[in-house]
Ligand SMILES: Nc1nc2c([nH]c(=O)n2[C@@H]2O[C@H](COP(=O)(O)OP(=O)(O)OP(=O)(O)O)[C@@H](O)[C@H]2O)c(=O)[nH]1
Ligand SMILES: [Mg+2]
């Protein structure tokens, strides 16, 4: 079974979170996601977070606050999501790969269609900001 280590950024500004929607033809396609991607070999998680957020949404991450680490088995794929809150960054988040994008209030995240593993991210966010 393939297991992938993923760096995930929760981009927060004024109680709102920036999300992108996964392209229809990829794993967990069509669902909303926190931007991020696979940690490459020889790279730290922090480096992966910085690189992925540059590539996917064109921001420069100034700091990442560790929020939660989640192991999840989708059946066809096992993921380890290393999730960071990113509330200090330069630039304006903009989807670079043609994905749908948007800002959502923290309190509205529960209603969105996310990959299953993300339920725990949303729980952790509620705790962090309560
Ligand atoms: N980025 C991201 N990935 C997530 C989230 N939740 C979740 O289960 N995943 C899973 O974690 C994996 C992340 O891979 P990815 O597709 O973003 O990786 P990547 O950017 O390096 O993609 P690439 O292989 O096209 O370069 C996918 O299997 C995806 O389904 C999330 O909120 N954000
Ligand atoms: Mg990605």
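Some observations on this one:
- Applying 1/(1 + (r/R0)^6) with r as the Cβ-Cβ distance of residue 87 and residue 4 and R0 = 22 angstrom yields a FRET efficiency of 0.30.
- Packing-based ranking of 84-90, 58-64 yields 84-90, 58-64, ordered from highest to lowest mean Cβ neighbour count within 10 Å.
- Kirkwood hydrodynamic radius of the chain, from inverse mean 1/r over distinct Cα pairs, in Å: 14.7 Å
- Take the Cβ atoms of residue 65 and residue 24, set R0 to 35 Å, and the FRET efficiency comes out at 0.65.
- DSSP-defined antiparallel bridges as percent of all bridges, the chain, nearest 5: 75 percent
- Normalised contact order of the stretch 20-122, rounded percent, pairs of Cα under 8 Å and 6 or more residues apart: 28 percent
- Separation of alpha-carbon centers, the stretch 45-60 and the stretch 93-130, rounded to whole Å: 17 Å
A short reminder: the numbers here are calculations on the coordinates, not readings from a lab. Source: prediction; values computed, not measured. Positions of Cβ are backbone-derived with ideal geometry, glycine not excepted, and every protein chain shown enters the neighbour counts.
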